[in-house]
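The values are calculated or read from the model by the stated rules, or taken from the named source; none is laboratory data. Please read these numbers as outputs of a predicted model, since none were measured by experiment. Cβ placement follows ideal geometry from the backbone for every residue including glycine, while neighbour counts extend to all protein chains displayed. The area values use the complete protein model at the heavy-atom level, side chains included, leaving out ligands, DNA and RNA. Shrake-Rupley method; radii C 1.70, N 1.55, O 1.52, S 1.80 Å.
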Amino acid sequence: TSLTYEEAIMTLHDTYDPNNIFAKILKGEMPSIKVYEDDVALAFMDVFPQSEGHTLVIPKLVQARNLLDMPSDYLGQYMLKVQKVTRAVEKALTPDGLMVSQFNGAPAGQTVYHLHFHIIPRWEDKPLGRHAEGGMAKPEELEPIAEKIRAAL
């Protein structure tokens, strides 16, 4: 189903929902397979991975739906954490390349309205899965990959 112009704009500029899935993960109300956490950011395995090692990095202590909402004075610290986790994913999995992406609004592909960056390892001979359309990975499949990334931090 396509969104109307008004609905699309709302996905960019609506009120933050403190009950979104990532907010629940931050509050410990939903499980996640964490790879990194400090006072600025939380990184965990994407349960709908587009590639082996697909990791998400979300900011803590802010209620930002997307990059447009992120307080400027917090952005630098957060991006340093995105880079730190990206380096760990690269070290742990030695992909041919890395895709680091972030979506703003439903028309751009955003499905969870809490700012997050995707770190997606890429290999020349492996096709990329579609965003949020693959099957849900089992924790026992993700945990060994998460352990490699944690060890590389």
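Details
- Given (1) at pLDDT below 95; (2) within 27 Å of residue 3 (Cα to Cα); (3) surrounded by fewer than 20 Cβ atoms within 10 Å (Cβ to Cβ); (4) not charged (D, E, K, R), index of the condition residue 102 fails: (1)
- Scanning the stretch 131-153 for residues that are open to solvent by less than 70 Å² (accessible area, probe 1.4 Å) and either at pLDDT below 95 or touching a Cys at 6+ places or on another chain (Cβ under 8 Å) (or both) returns 131, 132, 134, 135, 137.
- Flag if residue 81 is in contact with a Phe, Trp or Tyr (Cβ under 9 Å, 6 or more places away or on another chain), open to solvent by 80 Å² or more (accessible area, probe 1.4 Å), closer than 26 Å to residue 123 by Cβ and at pLDDT 95 or above: no
- Given (1) surrounded by fewer than 16 Cβ atoms within 10 Å (Cβ to Cβ); (2) under 17 Å from the mean Cα position of the chain (by Cα); (3) in a loop (DSSP other than H, G, I, E, B), number of the condition residue 53 does not satisfy: (1)
- Residue 95 more than 23 Å from residue 69 (Cα to Cα), buried (at least 17 other Cβ atoms within 10 Å of the Cβ) and in contact with a Phe, Trp or Tyr (Cβ under 6 Å, 6 or more places away or on another chain): yes
- Remark: residue 128 falls outside the filter, which requires a residue to be among the aliphatic types (A, V, I, L, M), open to solvent by less than 20 Å² (accessible area, probe 1.4 Å) and part of a loop (DSSP other than H, G, I, E, B).
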